[in-house]
Structure formats: C-alpha cells, structure tokens
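Engineer: Dropping the structure in here first, questions after.
The values are calculated or read from the model by the stated rules, or taken from the named source; none is laboratory data. No experiment lies behind these values; they were computed from the predicted model shown. For neighbour counting, all protein chains shown are included, and Cβ atoms are generated from backbone atoms with ideal geometry for every residue, glycine included. Calculation scope for accessible area: heavy atoms of the full protein, side chains included, ligands and nucleic acids excluded. Shrake-Rupley method; radii C 1.70, N 1.55, O 1.52, S 1.80 Å.
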Amino acid sequence: SADIEARLRATLEPLSIAVQDDSHQHVGHAGAREGGHYSVTLTSARFTGLGRVARHRLVYHSLAELMLQGIHALVIDARAPDEG
C-alpha cells in the first residue's frame, strides 16, 4: 500500500489520501492469489469538474503498472476539494 500511496501522491498531488489494505478480508476467495485488495480515499484538485468515471480513470492510469503487479481489486473514493 506504500507503493500505491507514493504513486498517487506523485501523479495526482492529493490534499489528503488514505490507502487501506483489505486483502485479509478476501483470503480464500477466487482471485485472492492474483493480488491484493485495496481501498483508496483521496481528495485532489485534479478531480475538479470531472465525473466519477473520469476520476477513476485518472487513478487507474496512475496505478497502471501496479495493477499488473499486485493489485487485484481497488475501491476508489475520489473527491474534489470542495466536496468535503
């Protein structure tokens, strides 16, 4: 999760960010061996004026390399600064 946070900080310059590793909740599930399960909550000015899908695209683009190397599932809560 440190790699996820570092990558998002570098690319999206979030005002706030929290990355949680939820992998322990998925032990034994199909796909659990393919990588970790994570939840990301971040606030960034980069999301201002963008819809949910566009915001998620930015996050996935930032994490593209990691998505291939260890992230199986990602829950994203992406907000603009004025959305609290």
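Engineer: So which residues in the stretch 38-54 are under 16 Å from residue 10 (Cα atoms) and either of a type outside the set (Val, Ile, Thr) or over 8 Å from the mean Cα position of the chain (by Cα) (or both), if there are any at all? Lay out the reasoning, then the answer.
Structural biologist: Just the residues of the stretch 38-54 that are under 16 Å from residue 10 (Cα atoms), to begin with: 40-47.
42, 43, 44, 45, 46, 47 - these are the residues of the stretch 38-54 that are under 16 Å from residue 10 (Cα atoms) and either of a type outside the set (Val, Ile, Thr) or over 8 Å from the mean Cα position of the chain (by Cα) (or both).
Engineer: Starting from the stretch 58-78, keep only residues that are in contact (Cβ under 8 Å) with a residue 12 or more places away in the chain and open to solvent by 30 Å² or more (accessible area, probe 1.4 Å), then list their pairs with residues that are of a type outside the set (Phe, Trp, Tyr) and part of a helix (DSSP H, G or I) whose Cβ atoms are within a distance under 6 Å, requiring at least 6 positions of separation or different chains.
Structural biologist: From the stretch 58-78, the pairs are 72/34.
Engineer: Need the failing condition index for residue 38 against (1) of a type in the set (Ser, Thr, Tyr); (2) modelled with pLDDT under 95; (3) loosely packed, with under 14 Cβ neighbours inside 10 Å, just the number.
Structural biologist: Unmet condition: (3).
Engineer: What residue, among those in the stretch 55-84 that are assigned to a strand (DSSP E or B) and more than 9 Å from the chain's Cα centre (by Cα), is modelled with the highest pLDDT? First the steps, then the outcome.
Structural biologist: So in the stretch 55-84, the residues assigned to a strand (DSSP E or B) come out as 71-79.
Then drop every residue that is not more than 9 Å from the chain's Cα centre (by Cα), which leaves 71-73, 79.
Numbers: 71: 84, 72: 80, 73: 84, 79: 97.
Across the stretch 55-84, the extreme among qualifying residues is 79.
Engineer: May I pose another question? Against the condition farther than 16 Å from residue 81 by Cβ, modelled with pLDDT under 95 and open to solvent by 60 Å² or more (accessible area, probe 1.4 Å), how does residue 10 come out, does it pass? Steps first, please.
Structural biologist: On the way: farther than 16 Å from residue 81 by Cβ: yes; modelled with pLDDT under 95: no; open to solvent by 60 Å² or more (accessible area, probe 1.4 Å): yes.
Taking the combined requirement at face value, the residue does not satisfy it.
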